[in-house]
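Structure first, commentary second.
The values are calculated or read from the model by the stated rules, or taken from the named source; none is laboratory data. It should be emphasised that the depicted structure is a prediction, and the values quoted were computed from it without experimental measurement. Cβ atoms come from the backbone with ideal geometry, glycine included; neighbour counts cover every protein chain shown.
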Amino acid sequence: MKGVRNSSAPELEVKPILSQFLVTLPVTGIWILYEKLANHRGFYERRILPKLIDFAMTREEVTQLRAGHVPAARGVVIEVGIGSGLNLPFYTDAVTRLYGVDSSAELLEMARARAAQQPFPVDLIQQDAARVPLADASVDTAVVTWALCSIPDAGAALREIRRVLASDGTFIFVEHGLAADGGVRTWQNRLTPVWRRFTGGCHLNRKIDDLVRDAGFTITDLRTGYLPGPRALTFIYEGMARKTR
């Protein structure tokens, strides 16, 4: 690809009060549920949260982004933060083997049925993304989608991706994070301390492109913009990168 492309979705004219209401409404509903289960947090995190994540990530706009990026994967692939395996149907027969890494046993169990339907071997690994159990330069493509927001040390995870990626390998990412608009950023910073408590550690305010570059990658393609929905939750970074030489 030639250079780096940056684009933003068209701005929607929404009154500030309505915009704030749209942001806080879903947060309030889930927070109430979380507080009702105050004495059963383990149950919430093991039984309810994985299903909420799987459901939330099946939105049409999200699925379209998966379809637009995941098929570019080739050879031996590592997907960090594979979750319930929603990317698996979009890999092509250009993949020879896939390693799916996630810290959640419950999400990995949901991924097993999807993994069994793939024409290539899929190894699901329950592991912290900051300690990937693969050899240096052993994969051709790395994929991360909607995972860097919730990995405790995103920088360490990205450095591990760089370590296991071949010198001519490709890193594909689709993530949500810190918005370009100051007003939206303010709300992201306000909401994140509460939001991450009941969403599996999800941060709304990570600047994904900076994290990728700081980990030793050169971004070769980058597009940013909003998906439909509350803007604090829907600013997207999508692109590709290669190891900085």
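Of the residues making up the range 107-152, just one is farther than 30 Å from residue 179 by Cα and of a type in the set (Phe, Trp, Tyr), namely 120.
For every residue, the table says whether it meets (1) of a type in the set (A, V, I, L, M, F, W, C); (2) out of contact with any His (no Cβ under 9 Å at 6 or more places or on another chain); (3) buried (at least 21 other Cβ atoms within 10 Å of the Cβ); (4) at pLDDT 95 or above.
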{"residue": "184", "(1), (2), (3), (4)": "yes, yes, yes, yes"}
{"residue": "193", "(1), (2), (3), (4)": "no, yes, no, no"}
{"residue": "197", "(1), (2), (3), (4)": "no, yes, no, no"}
{"residue": "202", "(1), (2), (3), (4)": "yes, no, no, no"}
{"residue": "205", "(1), (2), (3), (4)": "no, yes, yes, yes"}
{"residue": "223", "(1), (2), (3), (4)": "no, yes, no, yes"}
{"residue": "241", "(1), (2), (3), (4)": "yes, yes, yes, yes"}
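Looking only at residues in the range 102-137 that are touching an Asp or Glu at 6+ places or on another chain (Cβ under 7 Å) and part of a helix (DSSP H, G or I), the one that is farthest from residue 150 (Cα to Cα) is 110. Scanning the range 92-107 for residues that are hydrophobic (A, V, I, L, M, F, W, C), buried (at least 19 other Cβ atoms within 10 Å of the Cβ) and farther than 11 Å from residue 81 by Cβ yields 95, 98.
Regarding residue 211, is this residue modelled with pLDDT of 95 or more, surrounded by 17 or more Cβ atoms within 10 Å (Cβ to Cβ) and on the phi < 0 side of the Ramachandran plot? Against the criterion (modelled with pLDDT of 95 or more, surrounded by 17 or more Cβ atoms within 10 Å (Cβ to Cβ) and on the phi < 0 side of the Ramachandran plot), residue 211 qualifies.
Every residue in the range 131-145 that is crowded, with 17+ Cβ neighbours inside 10 Å and not charged (D, E, K, R), please.
132, 134, 139, 141, 142, 143, 144, 145
Residue 56: over 16 Å from the mean Cα position of the chain (by Cα) and among the aliphatic types (A, V, I, L, M), yes or no? Against the criterion (over 16 Å from the mean Cα position of the chain (by Cα) and among the aliphatic types (A, V, I, L, M)), residue 56 does not qualify. Examine the range 109-122 for a residue that is among the hydrophobic types (A, V, I, L, M, F, W, C), buried (at least 22 other Cβ atoms within 10 Å of the Cβ), at pLDDT 95 or above and in contact with a Ser or Thr (Cβ under 8 Å, 6 or more places away or on another chain), and state whether such a residue exists. Taking every residue of the range 109-122 in turn, at least one turns out to be among the hydrophobic types (A, V, I, L, M, F, W, C), buried (at least 22 other Cβ atoms within 10 Å of the Cβ), at pLDDT 95 or above and in contact with a Ser or Thr (Cβ under 8 Å, 6 or more places away or on another chain). On the basis of being touching a strand residue (DSSP E or B) at 6+ places or on another chain (Cβ under 7 Å) and either in a helix (DSSP H, G or I) or at positive phi (or both), does residue 157 make the cut? Against the criterion (touching a strand residue (DSSP E or B) at 6+ places or on another chain (Cβ under 7 Å) and either in a helix (DSSP H, G or I) or at positive phi (or both)), residue 157 qualifies. Among the residues of the range 69-89, those that are without any contact (Cβ under 8 Å) to a residue 60 or more places away in the chain and surrounded by fewer than 17 Cβ atoms within 10 Å (Cβ to Cβ) comprise 71, 89. Counted as qualifying within the range 1-101 are the helices (runs of 4 or more DSSP H) with 2 or more residues that are touching a Pro at 6+ places or on another chain (Cβ under 6 Å), at pLDDT below 95 and of a type in the set (A, V, I, L, M), namely 16-36. Quick one: which residue in 179, 157 is out of contact with any helix residue (DSSP H, G or I) (no Cβ under 8 Å at 6 or more places or on another chain), at pLDDT 95 or above and among the hydrophobic types (A, V, I, L, M, F, W, C)? So the residue among 179, 157 that is out of contact with any helix residue (DSSP H, G or I) (no Cβ under 8 Å at 6 or more places or on another chain), at pLDDT 95 or above and among the hydrophobic types (A, V, I, L, M, F, W, C) is 157.
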